[in-house]
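Below is one structure, written out as structure tokens; comments come after it.
The values are calculated or read from the model by the stated rules, or taken from the named source; none is laboratory data. Since we're looking at a predicted model, the values are computed, not measured. As a convention, Cβ positions derive from the backbone with ideal geometry for all residues, glycine included, and neighbour counts pool all protein chains shown.
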Amino acid sequence: MRHAVIAAATIVLAAILVAGCAQAPPIRTKIGDPGALACTAVYAQAQWRSDEGRRDPVGETQRIHERIAKDLRDPTVAGCWNASTESHPAFDMFTLEFDDQGWLAGVAKGVDPARSQLVELAGGLERLSAGGHVGQGASPGAGPRPLSIIVYTHGWHHSAAPDDENVIAFRHLLDSAAAVEDRLCREENGASGKQDAAQACADDAPAGKSTKKRRIVGIYLGWRGDSILGPLIEDTSIWDRKNAAETIALGSVQEFYARLHDFFLAHECHLVNDHRSQERTDCKDDVRLLTIGHSFGGLITYRALAPRMMLGVAETTYRPEEIKGQAYAYGFGDLTVLINPAFEATRFEPLAEAAAQRHYITSTSTPGKSAQLPTLIVATSATDWATGYAFPAFRRLSTFLQSTDGPQGEANIETVGWDSRYLTHSLAYAAGPDACGISPDAPLDDRLVAESKWAKRQQDANYRGFNDDTLAFCGGLTLKRETREAWQLSRPDFLPLWVIKADKSVIDGHNDFLNPRFVDFVRQVYYTILRQGDVVMAKPKAN
């Protein structure tokens, strides 16, 4: 036995010796945009090709990875990828990095906090909102610009490296979101009788009465998703990286979310019956906000935002007899989505319990008010081995001395997506005719037209379908409410916290977080929420 232990220890030590340490942030060492470098052509060479990507997404990702890796070895263009800001024709992307102690990356090495990635991000958002560009203010006549901000925090085994698979996937998501915004803008201007809706939706369209297109702005939150590199040995870092993620969630990411929250409230124009909102009579710089976290990035996102989400549930609670005073529950921004989140379910209990103990505005409860829409979606793949098996195995080892009672035992071991106490829905895909009469493989523009009609039907029904036992989406997707067992938390009508178990046809495994079908699902839910915001903005304002 003693010899076996020595042999095992020797193997582990040898593996550590031959392994390498993962690069510490910041990876994006040039703060701000690339300046004088002509990066548009460089970025174009690494742009996602839709047709090739649909046929072979792995191959297309590898092509882009190799292209960027080659550029990084070329000092004449490497600056385009090493910068913390990328300005693409259809979108802008900021990178914000944190070290293992949760500090802004580089500050511990002497970077002036006043010249950090966070400061550059804050200034860039203000310039973009004013109608300018990331690196410069607005040109004369530009006028304010509405923004659609998408925040993403990566998980285990990833980083902010420009050729990282998650970064490549995020750029593709932003590019697709820009296409959606262009389609919605043309639809809105066409419906308003504008002669040239396409011209009104150009990125350089002058200020005027036309509905301007929301500019897509991505914010990629990076951290050291690996502490050690090497075959097999890197998988032993699961607990080390979980601890790092928990530290980061309590660090400077809190400042980031606070500043982003302040920016959102200062510019939004679409919140209704929400004590956060201050009605504005002139609103051409409306900001929409979607926040996404994956794996340990879901842990960071949730732990950092849980207090704000608790306020959105608890502060707006009312007694049933005070029906006239009821308010909408709210989350962070317009919607938060956690995909295969890697944190124990017991951390989710306080928010879930508070949400289960109150009532929500329904499709029929209050005349003149639409029903409560979701604020948080937690989606876990039914084939995710990392959160379904690896995570609880490590939790059992690290918590065997802890005392738990009743449902606490499972909640302290399993992730939120695997604990049936919190499960609200299942999501699956089926080939064949869908709820919108269009093929999932149809061109994006055709699918967006169908989704627009679907969203209008939901709106006309006051979103009654969002509380149905079965809700059929475009693209062959079906959301089903799970049958509640007596020992599970109660589920009031229009509960805004959706905890979903996704079939492998929608999310297959841990890293399939941007599966096209899941993206289709999130897009339809998110843009239904945004369209309701557009309705609010279209209503006459009090003088």
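Can you go through G297, G312, G251 and tell me which one is small (G, A, S), touching a Phe, Trp or Tyr at 6+ places or on another chain (Cβ under 7 Å), modelled with pLDDT of 90 or more and assigned to a helix (DSSP H, G or I)?
Numbers: G297 fails: touching a Phe, Trp or Tyr at 6+ places or on another chain (Cβ under 7 Å); G251 fails: assigned to a helix (DSSP H, G or I).
So the residue among G297, G312, G251 that is small (G, A, S), touching a Phe, Trp or Tyr at 6+ places or on another chain (Cβ under 7 Å), modelled with pLDDT of 90 or more and assigned to a helix (DSSP H, G or I) is G312.
Could you check, for the range 488-503, whether at least one of its residues is in contact with a Phe, Trp or Tyr (Cβ under 7 Å, 6 or more places away or on another chain) and of a type in the set (V, I, T)?
yes
If we keep just the residues of the range 201-215 that are farther than 18 Å from I150 by Cα and modelled with pLDDT of 75 or more, which is surrounded by the fewest Cβ atoms within 10 Å (Cβ to Cβ)?
In the first step, residues of the range 201-215 are kept if they are farther than 18 Å from I150 by Cα; the result is 201-212.
Checking which are modelled with pLDDT of 75 or more leaves us with 201-202, 212.
Numbers: C201: 24, A202: 13, K212: 25.
This residue is A202.
Step by step: first the residues of the range 431-457, then only those that are within 16 Å of S505 (Cβ to Cβ) and within 25 Å of the chain's Cα centre (by Cα), then the one that is surrounded by the most Cβ atoms within 10 Å (Cβ to Cβ). Which residue is that?
That would be P440.
For (1) in contact with a strand residue (DSSP E or B) (Cβ under 7 Å, 6 or more places away or on another chain); (2) polar (S, T, N, Q), each residue gets a yes or a no:
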{"residue": "Q459", "(1), (2)": "no, yes"}
{"residue": "R484", "(1), (2)": "no, no"}
{"residue": "W487", "(1), (2)": "no, no"}
{"residue": "D493", "(1), (2)": "no, no"}
{"residue": "A502", "(1), (2)": "yes, no"}
{"residue": "V506", "(1), (2)": "yes, no"}
{"residue": "R517", "(1), (2)": "yes, no"}
{"residue": "V535", "(1), (2)": "no, no"}
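Using the structure shown, decide if V337 is surrounded by 24 or more Cβ atoms within 10 Å (Cβ to Cβ), out of contact with any strand residue (DSSP E or B) (no Cβ under 7 Å at 6 or more places or on another chain), among the β-branched types (V, I, T) and modelled with pLDDT of 90 or more. Show your work before the answer.
Values: surrounded by 24 or more Cβ atoms within 10 Å (Cβ to Cβ): yes; out of contact with any strand residue (DSSP E or B) (no Cβ under 7 Å at 6 or more places or on another chain): no; among the β-branched types (V, I, T): yes; modelled with pLDDT of 90 or more: yes.
The answer is no for V337.
Does G106 satisfy the criteria of being at positive phi and touching a residue at least 24 places away in the same chain (Cβ under 8 Å)? Break it down stepwise before answering.
Working: at positive phi: yes; touching a residue at least 24 places away in the same chain (Cβ under 8 Å): yes.
For G106, the condition - at positive phi and touching a residue at least 24 places away in the same chain (Cβ under 8 Å) - is met.
Looking at G225, G218, which one is assigned to a loop (DSSP other than H, G, I, E, B), modelled with pLDDT of 85 or more and under 22 Å from N166 (Cβ atoms)? Can you show your working first?
On the way: G218 fails: assigned to a loop (DSSP other than H, G, I, E, B).
After applying the criteria, what remains is G225.
Is at least one residue of the range 507-527 over 25 Å from the mean Cα position of the chain (by Cα) and surrounded by fewer than 18 Cβ atoms within 10 Å (Cβ to Cβ)? Don't jump to the end; show me each part of the working.
We begin by selecting, within the range 507-527, every residue over 25 Å from the mean Cα position of the chain (by Cα); these are none.
No: zero hits.
L401 fails exactly one of the following numbered conditions: (1) touching a residue at least 40 places away in the same chain (Cβ under 8 Å); (2) surrounded by fewer than 21 Cβ atoms within 10 Å (Cβ to Cβ); (3) part of a loop (DSSP other than H, G, I, E, B). What is the number of that condition?
(1)
Considering only the range 93-101, I want to know if a residue exists there that is in a helix (DSSP H, G or I), touching a residue at least 40 places away in the same chain (Cβ under 8 Å) and surrounded by fewer than 20 Cβ atoms within 10 Å (Cβ to Cβ). Full working, then the answer.
Going residue by residue through the range 93-101, those that are in a helix (DSSP H, G or I) are none.
Within the range 93-101 (the criterion being in a helix (DSSP H, G or I), touching a residue at least 40 places away in the same chain (Cβ under 8 Å) and surrounded by fewer than 20 Cβ atoms within 10 Å (Cβ to Cβ)), the answer is no, since none of the residues qualifies.
Go through the residues of the range 31-39 one by one and say whether even a single one is surrounded by 12 or more Cβ atoms within 10 Å (Cβ to Cβ) and assigned to a helix (DSSP H, G or I). Outline the logic, then answer.
First, pick out the residues of the range 31-39 that are surrounded by 12 or more Cβ atoms within 10 Å (Cβ to Cβ): 31-34, 37, 39.
Adding the requirement that they be assigned to a helix (DSSP H, G or I) leaves none.
No, the range 31-39 contains no residue that is surrounded by 12 or more Cβ atoms within 10 Å (Cβ to Cβ) and assigned to a helix (DSSP H, G or I).
Being under 24 Å from the mean Cα position of the chain (by Cα), modelled with pLDDT of 90 or more and surrounded by 14 or more Cβ atoms within 10 Å (Cβ to Cβ): is that true of I413 here?
Working: under 24 Å from the mean Cα position of the chain (by Cα): no; modelled with pLDDT of 90 or more: yes; surrounded by 14 or more Cβ atoms within 10 Å (Cβ to Cβ): yes.
Considered against the rule, which asks whether it is under 24 Å from the mean Cα position of the chain (by Cα), modelled with pLDDT of 90 or more and surrounded by 14 or more Cβ atoms within 10 Å (Cβ to Cβ), I413 comes out as no.
In the range 426-433, is there at least one residue being in contact (Cβ under 8 Å) with a residue 40 or more places away in the chain, touching a helix residue (DSSP H, G or I) at 6+ places or on another chain (Cβ under 7 Å) and part of a loop (DSSP other than H, G, I, E, B)?
Here is the first cut: in the range 426-433, the ones in contact (Cβ under 8 Å) with a residue 40 or more places away in the chain are 426-432.
Cutting the leftovers down to touching a helix residue (DSSP H, G or I) at 6+ places or on another chain (Cβ under 7 Å) gives us 427, 429.
With part of a loop (DSSP other than H, G, I, E, B) added as a condition, the list becomes none.
No; the residues of the range 426-433 include none that is in contact (Cβ under 8 Å) with a residue 40 or more places away in the chain, touching a helix residue (DSSP H, G or I) at 6+ places or on another chain (Cβ under 7 Å) and part of a loop (DSSP other than H, G, I, E, B).
The rows are residues; the columns are (1) at pLDDT 95 or above; (2) aliphatic (A, V, I, L, M); (3) farther than 19 Å from V522 by Cβ.
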residue	(1), (2), (3)
V378	yes, yes, no
R396	no, no, yes
G417	yes, no, no
S420	no, no, yes
S426	yes, no, no
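Which is at pLDDT below 90, surrounded by 11 or more Cβ atoms within 10 Å (Cβ to Cβ) and over 23 Å from the mean Cα position of the chain (by Cα), of G106, G20?
On inspection, the qualifying residue turns out to be G20.
Please count how many residues of the range 166-185 are crowded, with 20+ Cβ neighbours inside 10 Å and either of a type in the set (K, R) or free of Cβ contacts under 8 Å to residues at least 24 places away in the same chain (or both).
Here the count works out to 1.
Starting from residues that are over 21 Å from S398 (Cβ atoms) and in a loop (DSSP other than H, G, I, E, B), keep the ones in the range 335-364 and report whichever is farthest from the chain's Cα centre (by Cα).
Among them, the one singled out is T364.
Any residue at all in the range 154-165 that's over 24 Å from W48 (Cβ atoms), part of a loop (DSSP other than H, G, I, E, B), at pLDDT below 95 and not polar (S, T, N, Q)?
As a first pass, look at the range 154-165 and keep what is over 24 Å from W48 (Cβ atoms): none.
No, the range 154-165 has no match at all.
Answer yes or no: is there a residue in the range 114-136 that is outside any helix (DSSP H, G or I), charged (D, E, K, R) and either on the phi > 0 side of the Ramachandran plot or free of Cβ contacts under 8 Å to residues at least 60 places away in the same chain (or both).
So in the range 114-136, the residues outside any helix (DSSP H, G or I) come out as 116, 130-136.
Among the residues that remain, those that are also charged (D, E, K, R) are: none.
Checked against the condition, which is being outside any helix (DSSP H, G or I), charged (D, E, K, R) and either on the phi > 0 side of the Ramachandran plot or free of Cβ contacts under 8 Å to residues at least 60 places away in the same chain (or both), the range 114-136 yields no hits at all.
Pick out the one residue from Q458, Q488 that is assigned to a helix (DSSP H, G or I) and touching a residue at least 40 places away in the same chain (Cβ under 8 Å). Lay out the reasoning, then the answer.
Numbers: Q488 fails: assigned to a helix (DSSP H, G or I).
Answer to the selection: Q458.
For the range 434-453, which positions are touching a residue at least 60 places away in the same chain (Cβ under 8 Å) and touching a strand residue (DSSP E or B) at 6+ places or on another chain (Cβ under 9 Å)?
Scanning the range 434-453 gives a single hit, P440.
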